[in-house]
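The values are calculated or read from the model by the stated rules, or taken from the named source; none is laboratory data. In this text, all values refer to a predicted model and were calculated from it rather than measured experimentally. Here the Cβ is made from the backbone with ideal geometry for all residues, glycine too, and neighbour counts use every protein chain on show. Ligands, DNA and RNA are excluded from the accessible area calculation, which covers all protein heavy atoms including side chains. Shrake-Rupley method; radii C 1.70, N 1.55, O 1.52, S 1.80 Å.
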Amino acid sequence: MLMHSLLRPAIASLFALSCSLVTAAALRHPDHAEFDATLEASYRAQNAQWPLALNFTYPFARAATSAAWLIEAVNHDGVVVRSWKGVTPLQAQHARVELLWDGRGQSGDRLVDGYYTMRLRSTPTVDVASDVRASLDQRIANAFAAFPDEIQVQALDVMVGNVAAASITPMAPLSVGLQQSSAAGTPHAKSAPATGGLPYTIYYGNLHSQTNHSDGGVPVGSCTGAANPQTGVFGPTDAYSMMQNQAGGDFLLTSEHNHMFDGSTGTNASANATTAINLFHSGLQLASNYRAAHASFLALYGLEWGVISNGGHLNILNVDALTEWESNSSGQLIGEVNTPKSNYASIYQTMSQHGWIGMFNHPATSGQFIIG
């Protein structure tokens, strides 16, 4: 059987044993060993070809770690008409795969004009000696079965042939806000109404980011994934400024991992609860200060609650107290509100009691927050 391992340094000693002594099911799933896979697909053909590209990132990759992946072209009836698959080594913790699709089916037949969905499923895996005896299909199936929590699913639609434009009833958009132009001193719309007369206004921003209050805050040029908690150089104010001034955004939520305020991805038994709580409340104050100084920008500070396994991550957008499940060696909760780990009924009840608003970060048909 193909063995798989999603190992952090804390359990790296199991790595050498994974090929012969330890089954995938017996390995402890790390809380924040997040694997990332993204799909690029050209909406229209370019020179009769549709460029496809896969990008993989896994900060905890070791020498034998690869990405197992499957791309399927699916028609409007849900039928798979073409597929590609592979196991790609994650050298330097990254990998990229580029493909070209000729717009034809698996047997080379010309497909009916219409919209097709390019669907990617991928997960990290560890190459072992038994792989030489396993087919590519078996290796990929084993990888998906070993750690379903890590499976990444992405889908993009592409257009094949000539498709008539959709008929949309004209509708008036919502009004847009104004801000002062730093150049001319005249008000202009920063947000923009949706095209096609849709009754929406588009605001640009991000509701899922981290700073050096947890495992973010690393300079873009040297960022390869999650950092060790509280080792980054940039805090919430830097993040708000970058979103507003460099990215031209309207809002940003810094959603710090709730259990990293002790400075670790696990449990820091020597953590000072007061220090952790004060760091959290300093973040709330920094967001408030930025909002007061920049009336046209919405700065938010919240929490990303939970871990990958047994549920997943969710953001709490308007939280005003540090939620935690970890305690230090003195038995003190390293936070203000006790929210048991992976107990989602409990966190939902707590959120309801406090009036906190949340969102699911990684809902999918497999992995975190499984939905149908």
Backbone HN-Hα couplings from phi across the range 93-101 [Karplus 6.51/-1.76/1.60, Hz, Gly and Pro as x]: 6, 9, 7, 9, 10, 10, 9, 10, 10
Of all DSSP beta bridges in the range 187-319, antiparallel share, percent nearest 5: 35
Net charge over other residues, Cβ less than 11 angstrom from the Cβ of Glu256 (K, R count +1; D, E count -1): -2
Chymotrypsin sites (Phe, Trp or Tyr not before Pro) lying in DSSP loop within the range 202-256, provided at most 15 other Cβ fall within 10 Å: Tyr203, Tyr204
Nearest-0.05 FRET efficiency for Gln332 and Val80, computed from C-beta distance (R0 35 Å): 0.05
Label-zone membership for the range 121-165, site Phe360, 7 angstrom Cα→C-beta point, backbone N under 19 Å: 121-122, 148-156
Globularity ratio of the range 259-371, using Cα Rg and 2.2 N^0.38 Å: 1.13
Protein accessible area in the range 245-361, 1.4 Å probe - carbon and sulfur %: 49
10 °C / 1.306 mPa s Stokes-Einstein diffusion coefficient of the range 112-167, Kirkwood radius on C-alpha pairs, µm²/s: 113
Surface share of carbon and sulfur [accessible, 1.4 angstrom probe, percent] for the range 104-164: 49
Formal net charge of residues neighbouring Val97 (Cβ-Cβ distance under 13 Å; K, R +1; D, E -1): 0
Calculated diffusion of the range 30-161, Stokes-Einstein form, Kirkwood radius summed over Cα pairs, 37 °C and 0.692 mPa s, µm²/s: 211
Where only C-alpha atoms are counted, convex hull volume of the range 62-124 per residue in Å³: 85
For the range 89-155 versus the range 232-297, the gap between their alpha-carbon centres in whole angstrom: 37
Surface/4 of the Cα convex hull for the range 309-350, nm²: 3.3
For the range 211-330: Kirkwood Rh in Å [reciprocal of mean 1/r, alpha carbons]: 14.8
Cβ crowding within 10 Å averaged over residues, with 141-153, 102-114 ranked highest first: 141-153, 102-114
Solvent-accessible heavy-atom area per residue, rounded to whole Å², over the range 229-304 at 1.4 Å: 41
